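The values are calculated or read from the model by the stated rules, or taken from the named source; none is laboratory data. Predicted model, so just to flag it, every value in this text is computed and none were measured. Using ideal geometry, Cβ is built from the backbone for each residue, glycine included, and neighbour counts are taken over all protein chains shown. Calculation scope for accessible area: heavy atoms of the full protein, side chains included, ligands and nucleic acids excluded. Shrake-Rupley method; radii C 1.70, N 1.55, O 1.52, S 1.80 Å.
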Amino acid sequence: MRNIVIIGNGISGITAARHIRKKSDDAITIISAETDHFFSRTALMYIFMGHMKYEHTKPYEDSFWKKNKLDLLKDKVESIDFKTKELYLKQSDNIKYDVLILALGSKPNKFGWPGQDLDAVQGLYSYQDLESMEKWSESTQKAAIVGGGLIGIEMGEMLHARDIEVTFIVRESSFWNNVLPPEESDMINRHIQKHGFKLLLESEISEILDDGNGRATAVKLQNGEEIEAQFVGLTVGVSPNVDFLRKSDLKVEKGIIVNEFFETNQDQVYAIGDCAQFENAPAEDRRPIEQVWYTGRMHGETVARTITGTKTSYKPGVWFNSAKFLDIEYQTYGQVPNFPDDENEVHFYWEHPNGEKSIRLVFNKDNKFLKGVNVMGIRFRHEICDKMIKEKWEMKKVFQNLKSANFDPEFFKTYENELIEMYNNRYPEEAVKVKRNKILGLF
């Protein structure tokens, strides 16, 4: 029997533990300093907003862990000796391992701003971050969110729900325009302001000001302007939580370097989830570091197969992500850069007159193969978008079956015919016949 130790009880670590247990009687110990039990990190905002309680975010009963012989240890690993295969913990005795899985997660980025370590200055990643927001929100009238993106919009919505005035301070010329194409980014700009938020674009902070008692009271911009804020959210991205390993024998760059099997440069040591950095990106449209919930789950499943005797490389398939910008749902599939990568890449874009719904189809000009999809305010079926991109459907076939991709409720208006008419006007030689009475089945 081996002693398998997993550091981290997020989606990656817990998925690995569950799948190893299904195929093995090895001893499994899960170590985390965050919480006693695994919870859904994506639900933090709903706890704060009163839609859920913490116990509702735990997918498994507390008895699940003992029943499945998964030993939980709430403690912090301070260092690792990879030669002796030993973990040094803050409170508990040292632990030996035969197999080690590092599922260390991420930490919010900081960039050395004066005042960034004051009270009421924080990111939103851990359960402790949620507790801190609860503590400081009671005495906060105005808040500043530094940075755009998905975490920033979540934090802003949380604070706004408690009638706290929120100002977004965004370095870029438009919200999240390093990811979103201009039209979608501008849509989110309008939506943020429509909901009563202040949005300062092309603005950067130079300092977070102290109220004299160690708490934030304002942020100072590089142009000298001061924005009152008793709470400052730092949402300028996250980075792998690996600082305590940088002086060890483990190969670490931005994250822990792994191959396609999640193997590190140390014997029987694996890294998965937010902290893993692939030596070679796993696919053309994937990045070396993947910090998304569903990819973390896939990491855990894949590494479990290798550890239990079926060596399996990571094959993530078509990139996918989804989120919500206040009331606007966002989905992306495949390759959708903020600007066309080259002259051969076409961005076919439709936007509803209300300015809060859009569909973007990205395809190759020469062969008309679909490369990517962006949907705002409309829901598409994951499995169908994945199939269209993976199988390299030509645009004519895509449009003939686009209604089957729509996942909005039955009585919602659909807009596929408008897209088809737009496409036919632009590419009459490729005209698509509009199918009005029947939705084609794909399977």
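Take the residues in segment 311-335 that are in a loop (DSSP other than H, G, I, E, B) and more than 30 Å from residue 263 (Cα to Cα), then tell me which one is most open to solvent (accessible area, probe 1.4 Å). Let's see the steps before the verdict.
First, the residues of segment 311-335 that are in a loop (DSSP other than H, G, I, E, B): 311-319, 326-327, 335.
Filter once more, keeping what is more than 30 Å from residue 263 (Cα to Cα): 326-327.
On the way: 326: 9, 327: 105 Å².
Here the answer is 327.
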For segment 215-248, which positions are under 17 Å from residue 152 (Cβ atoms), touching a helix residue (DSSP H, G or I) at 6+ places or on another chain (Cβ under 8 Å), among the hydrophobic types (A, V, I, L, M, F, W, C) and open to solvent by less than 10 Å² (accessible area, probe 1.4 Å)? 231
Taking residue 151 and the conditions (1) in a loop (DSSP other than H, G, I, E, B); (2) open to solvent by 10 Å² or more (accessible area, probe 1.4 Å); (3) of a type outside the set (Gly, Ala, Ser), which numbered condition does it fall short on, given that it satisfies the others? (1)
Odd one out for residue 281, checked against (1) free of Cβ contacts under 8 Å to residues at least 24 places away in the same chain; (2) closer than 20 Å to residue 11 by Cα; (3) small (Gly, Ala, Ser): (2)
Residue selected from segment 198-212 under the condition more than 29 Å from the chain's Cα centre (by Cα) and touching a residue at least 60 places away in the same chain (Cβ under 8 Å), by the criterion surrounded by the fewest Cβ atoms within 10 Å (Cβ to Cβ): 210
Of all residues in segment 351-374, count the ones that are in a strand (DSSP E or B), under 13 Å from residue 330 (Cβ atoms) and either touching a Pro at 6+ places or on another chain (Cβ under 9 Å) or not polar (S, T, N, Q) (or both). 4
What are the residues in segment 97-125 that are out of contact with any Gly (no Cβ under 8 Å at 6 or more places or on another chain) and either crowded, with 16+ Cβ neighbours inside 10 Å or of a type in the set (S, T, N, Q) (or both), if any? 97, 99, 100, 106, 113, 115, 116, 120
Checklist (1) in a strand (DSSP E or B); (2) closer than 19 Å to residue 98 by Cβ applied to residue 220, failing item: (2)
From the list 365, 390, 357, which residue is open to solvent by 10 Å² or more (accessible area, probe 1.4 Å) and out of contact with any Gly (no Cβ under 8 Å at 6 or more places or on another chain)? 365
Within the set of pairs 6+ apart or on separate chains, which have a first residue in segment 43-71 that is open to solvent by less than 90 Å² (accessible area, probe 1.4 Å), a second that is of a type in the set (Asp, Glu) and assigned to a helix (DSSP H, G or I), and C-beta atoms under 6 Å apart? 45/154
Restricting segment 168-196 to residues that are small (Gly, Ala, Ser) and more than 18 Å from residue 331 (Cβ to Cβ), which is farthest from the chain's Cα centre (by Cα)? 196
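So is residue 40 touching a Pro at 6+ places or on another chain (Cβ under 8 Å), surrounded by fewer than 18 Cβ atoms within 10 Å (Cβ to Cβ) and polar (S, T, N, Q) or not? Spell out the reasoning first.
Working: touching a Pro at 6+ places or on another chain (Cβ under 8 Å): yes; surrounded by fewer than 18 Cβ atoms within 10 Å (Cβ to Cβ): yes; polar (S, T, N, Q): yes.
Considered against the rule, which asks whether it is touching a Pro at 6+ places or on another chain (Cβ under 8 Å), surrounded by fewer than 18 Cβ atoms within 10 Å (Cβ to Cβ) and polar (S, T, N, Q), residue 40 comes out as yes.
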Within segment 174-197, residues surrounded by fewer than 16 Cβ atoms within 10 Å (Cβ to Cβ) and under 19 Å from residue 144 (Cβ atoms) come out as 193, 195, 196
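Could you list, in sequence order, all residues of segment 223-259 that are under 21 Å from residue 108 (Cβ atoms), in a loop (DSSP other than H, G, I, E, B) and in contact (Cβ under 8 Å) with a residue 12 or more places away in the chain? Even if it seems obvious, please write down each step before you answer.
Here is the first cut: in segment 223-259, the residues under 21 Å from residue 108 (Cβ atoms) are 227, 229-246, 252-256.
Applying the additional criterion that residues be in a loop (DSSP other than H, G, I, E, B) yields 229-230, 235-237, 241-242, 246, 253-255.
Of everything in segment 223-259, those that are under 21 Å from residue 108 (Cβ atoms), in a loop (DSSP other than H, G, I, E, B) and in contact (Cβ under 8 Å) with a residue 12 or more places away in the chain turn out to be 229, 230, 235, 236, 237, 241, 242, 253, 254, 255.
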For segment 397-428: of the residues being of a type in the set (D, E, K, R), assigned to a helix (DSSP H, G or I) and closer than 20 Å to residue 351 by Cα, which is most open to solvent (accessible area, probe 1.4 Å)? 426
Which residue, of 258, 219, 170, is closer than 30 Å to residue 306 by Cβ and not polar (S, T, N, Q)? 258
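Mind checking which residues of segment 1-37 are among the hydrophobic types (A, V, I, L, M, F, W, C) and either assigned to a loop (DSSP other than H, G, I, E, B) or open to solvent by 10 Å² or more (accessible area, probe 1.4 Å) (or both)? Don't jump to the end; show me each part of the working.
Initial filter on segment 1-37 (among the hydrophobic types (A, V, I, L, M, F, W, C)): 1, 4-7, 11, 14, 16-17, 20, 27-28, 30-31, 33.
Once the filter is applied, which keeps residues that are among the hydrophobic types (A, V, I, L, M, F, W, C) and either assigned to a loop (DSSP other than H, G, I, E, B) or open to solvent by 10 Å² or more (accessible area, probe 1.4 Å) (or both), segment 1-37 yields 1, 7, 11, 27, 33.
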Listed by first then second residue, the pairs whose first member lies in segment 408-432 and is within 20 Å of residue 366 (Cβ to Cβ), whose partner is small (Gly, Ala, Ser), with beta carbons under 6 Å and at least 6 positions apart or on separate chains, are 424/431
Sole exception among (1) touching a Leu at 6+ places or on another chain (Cβ under 9 Å); (2) in contact (Cβ under 8 Å) with a residue 12 or more places away in the chain for residue 107, by number: (1)
